[in-house]
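Mind having a look at this structure? Questions to follow.
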Amino acid sequence: GNSVTQMEGPVTLSEEAFLTINCTYTATGYPSLFWYVQYPGEGLQLLLKATKADDKGSNKGFEATYRKETTSFHLEKGSVQVSDSAVYFCALSNTGGFKTIFGAGTRLFVKA
Amino acid sequence: GAGVSQSPSNKVTEKGKDVELRCDPISGHTALYWYRQRLGQGLEFLIYFQGNSAPDKSGLPSDRFSAERTGESVSTLTIQRTQQEDSAVYLCASRNTDTQYFGPGTRLTVL
């Protein structure tokens, strides 16, 4: 069945450091891939998405590229800020399907 | 408002009581989901509604959990005879095409 695996946290970085959060998936067909972010005390928000192979989703300085050959959708940011401290969830949704499968989440702490 | 809303934002109840949680989806979104998120953990799918189709209840953990939705509007999640392990944040989301939009959640604490 479909599944999403993302790196375990917590990830602790200093401000302005480079961020990578790994995400790999297993799915049939051609899923859409997502990163959601959950700031402390809030619900999940869509951060970015990509709907086909080689697409790059980007938002707020974050990027992720849909890599079908490696079944990956790693999240990157060149220079993190304290305000990026949150939990990040990788997710997939199969074409025509209605369920979104979420990874377990990766908590990011950014120190000033 | 433009987003998904949930009420109450916090609910404290005693073990054995019933609770009802409410979700107002974004207008026009035909799909609605309920998830449970225990402290420090990921999302656990509970139930999914799509238009007038029979709901997908495959994630409900026990028969104490039930949910209803009237048409394409409000949904309620009911937990009967609450147990301490039901303590969690219950998240609702509605979907447009392939993207889910989440409400702020209801934090349930069972004493």
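Scan segment B:47-58 and report the pairs whose first residue is among the basic types (Lys, Arg) and whose second residue is crowded, with 17+ Cβ neighbours inside 10 Å, with Cβ atoms within less than 9 Å and a gap of 6+ or a chain change.
B:57/B:46; B:57/B:47; B:57/B:48; B:57/B:65; B:57/B:67
A quick yes/no check of all residues on (1) in contact with a strand residue (DSSP E or B) (Cβ under 7 Å, 6 or more places away or on another chain); (2) facing chain B (nearest Cβ under 10 Å); (3) farther than 25 Å from residue A:17 by Cα; (4) of a type in the set (Val, Ile, Thr):
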residue	(1), (2), (3), (4)
A:69	no, no, yes, no
A:74	yes, no, no, no
A:87	yes, yes, no, yes
A:94	no, yes, yes, no
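Only one residue in B:39, B:21, B:32, B:91 is within 22 Å of residue A:5 (Cα to Cα) and within 10 Å of the chain's Cα centre (by Cα). Which one?
B:91
Whether any residue in segment B:87-102 is in a strand (DSSP E or B), more than 14 Å from chain A (Cβ to nearest Cβ) and in contact (Cβ under 8 Å) with a residue 40 or more places away in the chain is what I want to check.
Taking every residue of segment B:87-102 in turn, none turns out to be in a strand (DSSP E or B), more than 14 Å from chain A (Cβ to nearest Cβ) and in contact (Cβ under 8 Å) with a residue 40 or more places away in the chain.
Can you pull out the residues in segment A:23-33 that are more than 7 Å from chain B (Cβ to nearest Cβ) and either buried (at least 21 other Cβ atoms within 10 Å of the Cβ) or assigned to a strand (DSSP E or B) (or both)?
Result: A:23, A:24, A:25, A:26, A:31, A:33.
On to the next question. Out of all the residues in segment A:73-92, is one or more in a strand (DSSP E or B), within 15 Å of the chain's Cα centre (by Cα) and more than 21 Å from residue B:101 (Cα to Cα)?
Among the residues of segment A:73-92, at least one is in a strand (DSSP E or B), within 15 Å of the chain's Cα centre (by Cα) and more than 21 Å from residue B:101 (Cα to Cα), which makes the answer yes.
Can you name the residue in segment B:81-111 that is closer than 26 Å to residue A:92 by Cα and among the hydrophobic types (A, V, I, L, M, F, W, C) and is also surrounded by the fewest Cβ atoms within 10 Å (Cβ to Cβ) among such residues?
Top of the filtered list is B:88.
Can I ask one more? Hey, can you tell me all the residues within segment B:51-76 that are under 17 Å from residue B:86 (Cβ atoms), part of a strand (DSSP E or B) and not polar (S, T, N, Q)?
Scanning segment B:51-76 gives B:65, B:67.
Further question on the same structure: How many of the residues making up segment B:34-50 are in a strand (DSSP E or B) and in contact with an Asp or Glu (Cβ under 9 Å, 6 or more places away or on another chain)?
Result for segment B:34-50: 8.
Tell me the residue from A:51, A:100 that is β-branched (Val, Ile, Thr), surrounded by 16 or more Cβ atoms within 10 Å (Cβ to Cβ), within 14 Å of chain B (Cβ to nearest Cβ) and without any contact (Cβ under 8 Å) to a residue 40 or more places away in the chain, please.
Result of the check over A:51, A:100: A:51.
Would a scan of segment A:97-107 turn up a residue that is closer than 19 Å to residue B:93 by Cβ, modelled with pLDDT under 90 and of a type in the set (Ser, Thr, Tyr)?
yes
Only one of these is within 14 Å of chain B (Cβ to nearest Cβ) and of a type in the set (S, T, N, Q): A:65, A:5. Name it.
Step by step, each of A:65, A:5 is checked, and only A:5 is within 14 Å of chain B (Cβ to nearest Cβ) and of a type in the set (S, T, N, Q).
The values are calculated or read from the model by the stated rules, or taken from the named source; none is laboratory data. Computed from a prediction, not measured in an experiment: that's the story for all the values here. All Cβ positions, glycine included, derive from the backbone under ideal geometry; neighbour counts span all protein chains shown.
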